[in-house]
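The values are calculated or read from the model by the stated rules, or taken from the named source; none is laboratory data. Quick caveat: nothing in here was measured; it's all calculated off a predicted structure. Counting neighbours? That spans all protein chains shown, and the Cβs are built from the backbone with ideal geometry, glycine included. Surface accessibility is based on the protein's heavy atoms, side chains included, excluding ligands, DNA and RNA. Shrake-Rupley method; radii C 1.70, N 1.55, O 1.52, S 1.80 Å.
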Amino acid sequence: LRSEVIISAAQATGAQAIHPGYGFMAESPAFARVVAEAGLVFVGPSPDAIAEMGDKTAARARLIEAGVPVIPGSQAIQSAEQGELEADRIGWPVLLKAAAGGGGKGKRLVESESDLEQAMQSARSEATSSFGSAELILEMGVVHPRHVEIQVFADTHGNALHLGERDCSVQRRHQKVLEESPSPA
């Protein structure tokens, strides 16, 4: 997780590009910028795209603007009262989510109004300590969903390919435990 060591190793070996793997460095706009500033190719999205997609509020707005279907949800909610109004509009249960970060942190399935305020306090505390942001959003709570992903690679020349689907439905506390490809579903 030390970018200077990664850059140094790339330069010492004559590498032209760095593939960040997944998670931590792959989701760091600062690391993508450091790679570019070192004259290397970051194999992944641009730093600006990483930053924008890392913020669920901004990402949701961008997807809606682009006409991509999204699950019913809200922009940032500031209070339990606002959350209740949004949840009534979306329909219960709702999934309370930290707007920043990922990895299942700051997520709570909320079944009813009576549970919302406590869930918001708990999610906000976890989000703040994990991501430095207390911002929360709501989405329709999909109970027993299938979590299927398709990884797409594209280059700066207009070429693109996908690696097929992988099913990430086996989870514990909203964190992937197992990825299976192709999806059994």
> Restricting region 61-85 to residues that are of a type in the set (A, V, I, L, M) and either part of a loop (DSSP other than H, G, I, E, B) or closer than 17 Å to Pro145 by Cα (or both), which is modelled with the lowest pLDDT?
Replying inline: Ala76
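Condition first: under 20 Å from Val142 (Cβ atoms) and surrounded by fewer than 17 Cβ atoms within 10 Å (Cβ to Cβ). Now tell me which residues in region 60-83 satisfy that.
Leu63, Ile64, Val68, Pro69, Val70, Ile71, Pro72, Gln75
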>> One residue is enough: does region 46-57 have a residue meeting the conditions open to solvent by 70 Å² or more (accessible area, probe 1.4 Å), of a type outside the set (Val, Ile, Thr), at pLDDT below 95 and not in a loop (DSSP other than H, G, I, E, B)?
In response: yes
> Can you tell which of Asp88, Asp155 is at pLDDT 95 or above and surrounded by fewer than 20 Cβ atoms within 10 Å (Cβ to Cβ)?
Replying inline: Asp88
>> Restricting to region 18-37, name every residue that is free of Cβ contacts under 8 Å to residues at least 12 places away in the same chain and of a type in the set (Gly, Ala, Ser).
In response: Gly21, Ala36
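Among residues belonging to region 126-185 that are among the acidic types (Asp, Glu) and assigned to a loop (DSSP other than H, G, I, E, B), point out the one that is nearest to Gly103 (Cα to Cα). Steps first, answer last, please.
Filtering region 126-185 down to residues among the acidic types (Asp, Glu) leaves 126, 135, 139, 149, 155, 165, 167, 179-180.
Adding the requirement that they be assigned to a loop (DSSP other than H, G, I, E, B) leaves 135, 155.
Details: Glu135: 16, Asp155: 27 Å.
My answer is Glu135.
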>> So the check is Cβ under 7 Å with 6+ separation or different chains; which pairs have a first residue in region 115-132 that's more than 21 Å from Pro93 (Cα to Cα) and a second one that's open to solvent by less than 50 Å² (accessible area, probe 1.4 Å)?
In response: Thr128/Ala134; Ser130/Gly101; Ser130/Gly106; Phe131/Ala98; Phe131/Ala100; Phe131/Gly101
> Looking at Ala134, Ala100, Ala123, Ala119, which one is open to solvent by less than 50 Å² (accessible area, probe 1.4 Å), within 14 Å of the chain's Cα centre (by Cα) and not acidic (Asp, Glu)?
Replying inline: Ala100
>> Suppose we filter Leu136, Leu109 for residues that are closer than 20 Å to Gln175 by Cα and touching a Pro at 6+ places or on another chain (Cβ under 9 Å); which single one remains?
In response: Leu109
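Looking at region 116-161, which of its residues are among the aliphatic types (A, V, I, L, M) and within 22 Å of Tyr22 (Cβ to Cβ)? First the steps, then the outcome.
So the first thing to find is which residues in region 116-161 are among the aliphatic types (A, V, I, L, M), and the list is 116, 119-120, 123, 127, 134, 136-138, 140, 142-143, 148, 150, 152, 154, 160-161.
Result: Ala127, Val148, Ile150, Val152, Ala154, Ala160, Leu161.
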> Exactly one of (1) aliphatic (A, V, I, L, M); (2) in contact with a Gly (Cβ under 8 Å, 6 or more places away or on another chain); (3) under 26 Å from Val170 (Cα atoms) is unmet by Ile77. Its number?
Replying inline: (3)
> Can you tell me which residues in region 158-181 are closer than 27 Å to Gly106 by Cβ, exposed (fewer than 13 other Cβ atoms within 10 Å of the Cβ) and either in contact with an Asp or Glu (Cβ under 7 Å, 6 or more places away or on another chain) or aliphatic (A, V, I, L, M) (or both)?
Replying inline: Val170, Val177, Leu178
>> When the residues of region 1-45 are narrowed to those that are among the polar types (S, T, N, Q) and more than 19 Å from the chain's Cα centre (by Cα), which ends up surrounded by the most Cβ atoms within 10 Å (Cβ to Cβ)?
In response: Ser3
